[in-house]
Structure formats: C-alpha cells, structure tokens
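Participant: The structure under discussion is supplied below as structure tokens; questions concerning it will follow.
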Amino acid sequence: MARDRIFIRELRVDCIVGVYPHERDKPQPLTVDLELGIDTGAAAYSGRIAHTCDYARVADELATLLQFRRYKLLELAAGELAAMLLGVHPMVEDVRLRLSKPRALPGRATVAGVELHRHRRDFVRMRERNEFGEVEILHQTRDAGLYLLHVEAGREIPAHYHQRMRELEWLVAGELERDGERLEGFAPVMWRKGRVHRYVNVGERRATLFCCDIPPFVPEDEIVVS
C-alpha cells in the first residue's frame with residue numbers, strides 16, 4: 001500500500017441515484033469521501049502538479065461520471081468510480097471511497113451509504129488492437145463499460161455515431177482534435193444517440209481518451225460515416 005494519501009472530504013454531487021421511482025425523476029445530493037494511495041515524493045521534490053494527482057481534476061471526473069451514469073445501486077457506482085480512477089491515473093495504487101446518501105432514510109437515519117477499498121490488482125484489464133491504436137477495457141458490467149481509447153500519433157477515430165449506446169468521453173492525455181477543435185484540459189462530452197463525432201491525434205505521441213458506454217460497447221453500433 002502507498003505510504004502517502006491524497007484525499008477529498010464531503011464532495012457533494014447532485015445526481016440521479018437510487019432504485020425507487022421517486023429517485024429516478026429528480027437529482028438528490030450524494031456525498032463522496034475519497035482517499036488515493038500515491039507516492040508524493042516526486043511532487044514534493046519538483047513542485048509540479050504533473051508529478052501527483054490533481055484533486056480538482058479528480059473531483060470533476062467523479063461528478064461527471066456520477067451524473068452521466070444515473071446509478072441505481074451505490075455498490076455499482078463505487079466499483080465503477082474506483083475502476084475509472086485507477087484507469088485514468090496510473091500513479092494511483094489504491095482507492096478508498098465512501099458514497100453517502102443523506103436522504104436515503106429520512107426520519108430514521110442522518111445518512112446511509114457504502115464504502116470500499118480497491119487496489120490496482122483488483123481489476124483485470126484486457127487490451128484489444130484496432131485501426132486507431134488500442135482499446136483498454138477497464139471494467140464492464142451488464143449495464144456499462146469503461147474503456148481507455150489509446151490513439152496512436154497520426155491516427156484517428158473516424159467519424160461515427162451510435163443508435164443504441166450513450167457515450168461519455170474526456171481527454172486523459174495527449175493532443176487530440178475533436179471534430180476539428182483542439183481539446184484542452186478535461187473537456188468532457190456526453191454524446192447523444194445519432195450524434196456524429198471524430199477524433200484525430202495531432203501530436204507526436206499516443207493520446208488517450210476515457211470512454212463510458214451504456215450499454216457496454218456494441219461493435220455493430222459503431223456506425224462509421226463515409
């Protein structure tokens with residue numbers, strides 16, 4: 001286990017979460033407490049944020065995935081969030097995560113939730129080569145799939161759309177253009193069904209996108225526009 005910890009306490013995210021009908025119609029507050037196991041020695045020496053894990057970026061990633069996924073079970077949410085964080089932040093060795101619902105048991109308890117601890121070894125990843133580079137499968141359930149799309153220098157994810165899948169994507173690393181516009185920073189986007197999109201690696205090294213598909217990736221639903 002890493003000696004050092006980066007933590008976020010009581011991050012509030014308003015999102016759809018829960019199994020009951022009244023929880024599926026209106027966002028409710030969810031509180032996230034997070035610890036990331038990481039060696040901070042390099043950052044302590046260099047003073048560069050690139051040598052550690054930016055907790056502002058992590059907070060954005062957590063909130064964006066929670067709001068996109070509209071989870072029913074906190075257990076599923078916690079598992080996917082941990083898999084995402086270990087996937088997009090290679091310096092992180094383990095994740096402690098607590099999700100709390102203040103409105104879960106009104107009049108009976110002030111809060112209810114779930115807590116988990118996951119190490120990098122707890123997630124078995126698979127890799128698949130394709131025309132733009134490589135797809136790294138971080139985590140898949142019957143509901144959704146989490147992936148890293150590694151686009152080699154000079155290659156592209158061609159213009160395409162989906163009829164069945166909803167898709168969330170954001171830039172992890174590298175230099176990419178999305179539909180002709182250079183991506184800067186986090187740059188998340190939620191693709192509606194039928195919306196055409198294209199990525200081009202305009203840099204000199206591999207670039208990486210995080211991608212969440214609902215349902216998990218369906219090959220025949222990757223409809224390329226000629």
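None of the figures in this text is laboratory data; all of them are computed from the coordinates on show. No experiment lies behind these values; they were computed from the predicted model shown. Please note: Cβ atoms are built from the backbone with ideal geometry, for glycine as well, and neighbour counts cover all protein chains shown.
Participant: Sort CYS212, CYS15 by Cβ crowding within 10 Å, fewest neighbours at the top.
Facilitator: Numbers: CYS212 24, CYS15 20.
In increasing order of surrounding Cβ atoms, one gets CYS15, CYS212.
Participant: Please compute the contact order of the chain in relative form: average sequence separation of alpha-carbon pairs under 8 Å and at least six residues apart, divided by the residue count, as a percent. Intermediate results must be reported in sequence, preceding the final value.
Facilitator: Numbers: 488 pairs, mean separation 36.8, N = 226.
Contact order relative to length: 16 percent.
Participant: Sequence gap at least 6, Cα distance under 8 Å: using those rules, report the relative contact order of segment 126-224 to the nearest whole percent.
Facilitator: Working: 243 pairs, mean separation 36.9, N = 99.
In percent, rounded to a whole number, it is 37.
Participant: Among MET84, MET165, MET190, which comes first, then next, by fewest other beta-carbon atoms within 10 Å? Don't skip to the end; give the middle numbers.
Facilitator: Working: MET84 22, MET165 19, MET190 14.
Exposure proxy ranking, most exposed first: MET190, MET165, MET84.
Participant: Let me ask another. Given the rule -39500 (n - 2.57) for each run of at least 4 DSSP H residues, summed and divided by the residues of the chain, what is its mean residue ellipticity at 222 nm, to the nearest 500 deg cm²/dmol? Please report the intermediate quantities before stating the final value.
Facilitator: On the way: 3 runs with 36 residues, N = 226.
Result for the chain: -5000 deg cm²/dmol, rounded to the nearest 500.
Participant: Could I have the simple spin-label model distance between ALA50 and ARG195, label points 7 Å from Cα toward Cβ, reported in nm to one decimal?
Facilitator: 3.1
Participant: Can I ask one more? I'd like the Kirkwood hydrodynamic radius of segment 126-224, using the inverse of the mean 1/r over distinct C-alpha pairs, in Å. Walk me through the numbers on the way to the answer.
Facilitator: Numbers: mean 1/r = 0.0745 Å⁻¹.
Taking every pair of different Cα atoms in segment 126-224, averaging 1/r and inverting gives 13.4 Å.
Participant: Sticking with this structure for a sec: Quick one: dipole size for the chain, taken about the Cα centre, charges +1 on Lys/Arg Cβ and -1 on Asp/Glu Cβ, in debye to the nearest 20.
Facilitator: On the way: 34 positive and 36 negative charges, 153 e Å.
Computed about the Cα centre, the dipole is about 740 debye.
Participant: Another one. Which order results if SER226, SER100 are arranged by neighbouring Cβ count within 10 Å, fewest first? Provide the component values of the computation, followed by the final result.
Facilitator: Working: SER226 4, SER100 19.
So the residues, fewest neighbours to most, are SER226, SER100.
Participant: Under 12 Å Cα-Cα from LYS26, which aspartates and glutamates qualify once same-chain neighbours fewer than 8 residues away are excluded?
Facilitator: ASP14
Participant: Going by average Cβ density within 10 Å per residue, which order do the peptides 33-46, 60-73 take, highest to lowest?
Facilitator: Working: 33-46: 15.9, 60-73: 19.3.
Ranked from most to least packed, the peptides come out as 60-73, 33-46.
Participant: Here's another thing I want to ask about it. So if R0 is 30 Å, what FRET efficiency would ARG96 and TYR20 give, r being the distance between their Cβ atoms, rounded to the nearest 0.05? Don't skip to the answer; put the middle values down first.
Facilitator: Numbers: r = 28 Å, r/R0 = 0.93.
Efficiency, from the Cβ-Cβ distance: 0.60.
Participant: Please give the net charge around HIS119, taking every other residue with its beta carbon less than 9 angstrom from that of HIS119, where Lys and Arg add +1 and Asp and Glu add -1. Don't jump to the answer; show the numbers that get you there.
Facilitator: On the way: positive: ARG118, ARG120, ARG121; negative: GLU93, ASP94, ASP122.
Within the 9 Å Cβ shell, the charges total 0.
Participant: Can I ask one more? Could you tell me what % of all Cα pairs in the chain have separations over 31 Å? Could you put the intermediate results ahead of the total?
Facilitator: Numbers: 6105 of 25425 pairs.
Cα-Cα pairs in the chain separated by more than 31 Å: 24 percent.
Participant: If each of ARG206 and ILE8 carries a label point 7 Å out from its Cα toward its Cβ, how far apart are those two points in nm?
Facilitator: Roughly 2.6 nm, to one decimal.
Participant: Now for a different question. Within 10 Å of each candidate Cβ there may be at most 11 other Cβ atoms; applying that plus a DSSP loop requirement, which chymotrypsin sites (Phe, Trp or Tyr not before Pro) in segment 123-196 survive? Walk me through the numbers before you get to the answer.
Facilitator: On the way: sites: PHE123, PHE132, TYR147, TYR161, TRP170, PHE186, TRP191; in loops: PHE123, PHE132, PHE186.
Within segment 123-196, no chymotrypsin sites (Phe, Trp or Tyr not before Pro) qualify (loop, at most 11 other Cβ atoms within 10 Å).
Participant: How far apart, in nanometres, would the label points at LEU76 and GLU131 be if each is projected 7 angstrom from Cα along the Cα-to-Cβ direction?
Facilitator: 3.3
Participant: What number, in nm² with one decimal, is the all-direction average of the projected area of the convex hull of the alpha-carbon atoms of segment 13-133?
Facilitator: Mean projected area for segment 13-133: 9.9 nm², to one decimal.
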